Every structure is written in structure tokens, then in C-alpha cells.
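Visitor: Pasting a structure here, questions to come.
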Amino acid sequence: MTDVESADIQDRSGIPCVVVMGVSGTGKTTTARLLALRLGVPFADADDLHPGPNITKMTSGVPLDDSDREPWLAAVGDWLRARAAAGTGGVIACSALKRRYRDRLRAGASGTYFLLLTADRDELLERIAARPGHFMPSALLDSQLAALEPLQPGEQGVTLHGSRDAEHAVAVALRWLREAAAANDPG
């Protein structure tokens with residue numbers, strides 16, 4: 001999906017804002033950290049932007065609803081907007097499961113790119129179970145899988161199966177970002 005919504009990568013001196021997205025256990029944080037390092041841009045984990053009541057709810061095994069996600073999406077959008085305005089670009093790990101959530105994030109930083117990581121349910125369950133100290137229990141995975149809306153036409157993004165290592169995902173993402181930037185270059 002290489003359509004340009006409005007602002008593109010060149011509008012920020014070639015430095016992109018990227019959301020590494022998907023359900024829990026796909027490797028979003030690891031991939032996003034590595035991508036940010038390779039791009040030389042700031043990194044954030046959207047889990048750190050959840051209000052306390054959201055974390056309490058998820059820790060209790062209760063899925064968030066859209067009203068719970070509103071302040072969180074606002075905080076993620078603010079982070080992206082600040083990076084785009086500063087011209088630094090940035091990479092954030094964020095579930096961004098629904099198109100309307102991604103539209104909201106793009107409202108603040110319209111040239112944002114999305115990297116959707118996917119994996120098989122059984123593999124996701126294994127990864128979540130092996131992850132120490134995270135507030136997202138495996139009991140919520142099915143609610144996330146049900147809510148996930150794949151990238152759609154008009155969204156600047158690429159989908160990768162997350163069973164490969166983060167190095168592979170980052171290599172593909174970097175290649176895709178270069179191609180997207182070249183395709184959007186008016187000169």
C-alpha cells in the first residue's frame with residue numbers, strides 16, 4: 001500500500017514516522033526499537049502511554065473498549081505529531097488494531113507509515129506466555145485478533161509475518177520505506 005495521503009516522507013527531510021503495529025506477541029517492541037536505531041530516530045512504546053486505569057483493566061484480563069483507548073490514542077498521536085513537527089521522525093510500537101485508530105494517528109502526522117506484524121495464534125500464545133512482567137495476559141489475545149483490521153488501500157504500510165526475526169523485519173521495512181520515499185518523490 002504505497003498511496004500517499006498528504007504529507008510524505010520528504011516533507012520531513014526524509015525522516016519518517018513509523019508505527020510498528022499488530023496484536024500482542026508479534027514482536028512490535030523489539031522490531032520498533034531496532035528500526036528506530038537503524039533510522040537514527042526516537043523510539044517509544046505505546047504501552048508506556050496507557051493511562052493507569054487501562055493497565056489495571058488489561059492486567060485483570062478485561063479487554064479495552066474504544067472509550068478506554070481514546071486518551072491512549074491521543075497520547076500516541078501527540079507523540080507522532082511532536083516528532084513530525086520537530087523533523088526528527090520516530091518509531092513507535094503500538095497495536096493500532098483498527099483502521100479508525102490508524103486514521104486518528106495519521107491525523108496528527110499524516111505521512112505516518114505502518115508496519116503490520118502478524119504471526120500464527122499458537123506462536124503468539126507461546127511468545128506471550130514466555131514474556132515476563134508484561135501486563136497483557138494471553139487471555140486477551142483472542143479479543144485483539146478479533147479486533148485486528150489489516151492495512152487497507154490508502155494506508156501507507158506493509159504487512160510482514162512476524163515469525164521471522166526482527167532483523168529480517170527491519171531489513172524489509174527499510175527497503176519498503178526507501179521504495180515508498182522514491183515513489184513519492186516529485187522530483
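The values are calculated or read from the model by the stated rules, or taken from the named source; none is laboratory data. For clarity, every value in this text was computed on a predicted model and none was experimentally measured. We place every Cβ from the backbone using ideal geometry, glycine too, and count neighbours over all the protein chains shown. Just so you know, the surface numbers come from the protein's heavy atoms only, side chains and all, with ligands and any DNA or RNA stripped out. Shrake-Rupley method; radii C 1.70, N 1.55, O 1.52, S 1.80 Å.
Visitor: May I ask you to list the chymotrypsin sites (Phe, Trp or Tyr not before Pro) in the stretch 72-121 that are in a DSSP loop and have at most 14 other Cβ atoms within 10 Å of their Cβ?
Guide: none
Visitor: Next question. Round to the nearest 0.05 the FRET efficiency obtained for residue 88 and residue 145 when R0 = 22 Å and r is the Cβ-Cβ distance.
Guide: 0.10
Visitor: Considering only the other residues whose Cβ falls under 9 Å of the Cβ of residue 77, what net charge follows from Lys and Arg at +1 and Asp and Glu at -1?
Guide: Net of charged neighbours comes to +2.
Visitor: Under a point spin-label approximation (7 Å from Cα along Cα-to-Cβ), what is the residue 179-residue 161 distance to one decimal in nm?
Guide: 1.8 nm
Visitor: Taking the highest mean first, how do the peptides 91-100, 145-154, 166-175 order by number of other beta carbon atoms within 10 angstrom per residue?
Guide: Per-residue Cβ counts within 10 Å, averaged per peptide and sorted highest first, yield 91-100, 166-175, 145-154.
Visitor: So what is the accessible area of the stretch 18-112 per residue, in Å², with the probe set to 1.4 Å?
Guide: 38 Å²
Visitor: Using a 1.4 Å probe over the heavy atoms of the protein chains, calculate the carbon and sulfur portion of the accessible area of the stretch 17-74 as a whole percent.
Guide: On the stretch 17-74, the fraction of accessible area on carbon and sulfur atoms equals 57 percent.
Visitor: If you don't mind, there's one more thing I want to ask. Considering the Cα trace of the stretch 51-95, what is its radius of gyration and what is Dmax, both in angstroms?
Guide: Considering the stretch 51-95 through its Cα atoms, Rg and Dmax are 12.9, 39 Å.
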